[in-house]
1. Do you know which of the residues in the stretch 131-153 that are of a type in the set (D, E, K, R) and touching a residue at least 12 places away in the same chain (Cβ under 8 Å) is nearest to A82 (Cα to Cα)?
2. Taking the condition of being more than 26 Å from E297 (Cβ to Cβ) and crowded, with 22+ Cβ neighbours inside 10 Å, how many residues in the stretch 86-106 meet it?
3. Does I287 meet the test of being open to solvent by 40 Å² or more (accessible area, probe 1.4 Å) and touching a residue at least 40 places away in the same chain (Cβ under 8 Å)?
4. Return only the number of the condition from (1) in contact with a Leu (Cβ under 8 Å, 6 or more places away or on another chain); (2) open to solvent by 70 Å² or more (accessible area, probe 1.4 Å) that V163 does not satisfy.
5. Mind listing whichever residues of the stretch 116-134 are in contact with a Gly (Cβ under 6 Å, 6 or more places away or on another chain) and either at pLDDT below 95 or of a type in the set (D, E, K, R) (or both)?
6. Keeping to the stretch 173-213, report how many residues are open to solvent by 40 Å² or more (accessible area, probe 1.4 Å), within 14 Å of L229 (Cα to Cα) and in a helix (DSSP H, G or I).
7. Answer yes if at least one residue in the stretch 291-300 is of a type outside the set (V, I, T), open to solvent by 10 Å² or more (accessible area, probe 1.4 Å) and assigned to a loop (DSSP other than H, G, I, E, B), and no otherwise.
8. Of the residues L59, L107, only one is without any contact (Cβ under 8 Å) to a residue 60 or more places away in the chain and within 32 Å of the chain's Cα centre (by Cα); which?
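The values are calculated or read from the model by the stated rules, or taken from the named source; none is laboratory data. As the structure is a computational prediction, the values presented were derived from the model and not from experiment. Neighbour counts run over all protein chains shown; Cβ positions are idealised from the backbone, glycine included. These accessible areas exclude ligands, DNA and RNA; they are computed on the full protein's heavy atoms, side chains included. Shrake-Rupley method; radii C 1.70, N 1.55, O 1.52, S 1.80 Å.
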Amino acid sequence: MKFKKVFIKDAFNKILAHSINSKELKIKKGKILDSNDIDLLKENSINKVYVAVLEKNDLHENKVAENITKKIVSKEILKVDAKNGRADFFSKVDGMLVINLKQLISLNYYNPSIAVSALKQYTLVKRGQLLGNVKIIPYALNKSKLDKIIKNQNYRNIFSVNVVDKQNVTLILSLENINQDIKKIESSIAIRLKKLNLKLNLICKVNHDIKLLTQELKKHLTNKRSLILIYGSTSITDLKDVIPSAIRNIQGKIISLGAPTDPGNLLMIASKNKNFILGVPGCAKSILRNGFDLVLERICHGIIFNKMMVAEMS
């Protein structure tokens, strides 16, 4: 693409490179100048304008933006026609935005003529919500550069939207006093799940004892993608505490004891086969958003946690 200043007589069918903005005349940059535009320029005594001239194998910015967007979004995301070199994309479903951050950074890093931006990783989104866009910085891009991006399979579905995939949610109350009033924690968890279109399938009480809790856990383990929440009389502070000990007894894996969030430090994440088990921190009694929500929302949307992901929450 060439970028140059030309006489008005040579500007016809060229892309206006700089906006013209005066009291008498307004023409936005990026417009392909037609005969009416040329007449208006002459009437306003404008003799020269900056234009962008496409060369051989150059593709217009809108076509480039649309093709790149088609490559980088999954089937749960709606693509729209590009305007002014920008293609917006929207969610087709309620869910959670998931981004391949490594490849998104790579795409922006190695292609300075392209700017791809979006909402933050793991944002909860609604159907029809704007997720992000692809903007082409110049007015055109050489076909060879576009082909290189399209052929790179690492850029396929950089953006996707996960829907809730949990079928069963069980709350186990491990209590020193079986008659303890636990309405507040039941209510706050129910409110959180309702926002995700989920509900508690079962609420169980058990004495705060390793053996008894082990037995209770065995009852609720399934082959489905279930979630078990355990709220204890006291917060979990050690791997040898009651709740993590019971999980080890069922050959479960402790992914993380403690989280770099505040509130929410005393959160435990564990798994057994396809079941996730969360040791619920005391802050979950409050309905104010905290570290527990960050983990609960992601797990309910099918995000598989590991220790690095926990560390990144900081």
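1. Looking at the filtered set, the residue picked out is K135.
2. Matching residues across the stretch 86-106 total 1.
3. Criteria met by I287.
4. Against the list (1) in contact with a Leu (Cβ under 8 Å, 6 or more places away or on another chain); (2) open to solvent by 70 Å² or more (accessible area, probe 1.4 Å), V163 comes up short only on (1).
5. Once the filter is applied, which keeps residues that are in contact with a Gly (Cβ under 6 Å, 6 or more places away or on another chain) and either at pLDDT below 95 or of a type in the set (D, E, K, R) (or both), the stretch 116-134 yields nothing.
6. Qualifying residue count for the region: 3.
7. no
8. Step by step, each of L59, L107 is checked, and only L107 is without any contact (Cβ under 8 Å) to a residue 60 or more places away in the chain and within 32 Å of the chain's Cα centre (by Cα).
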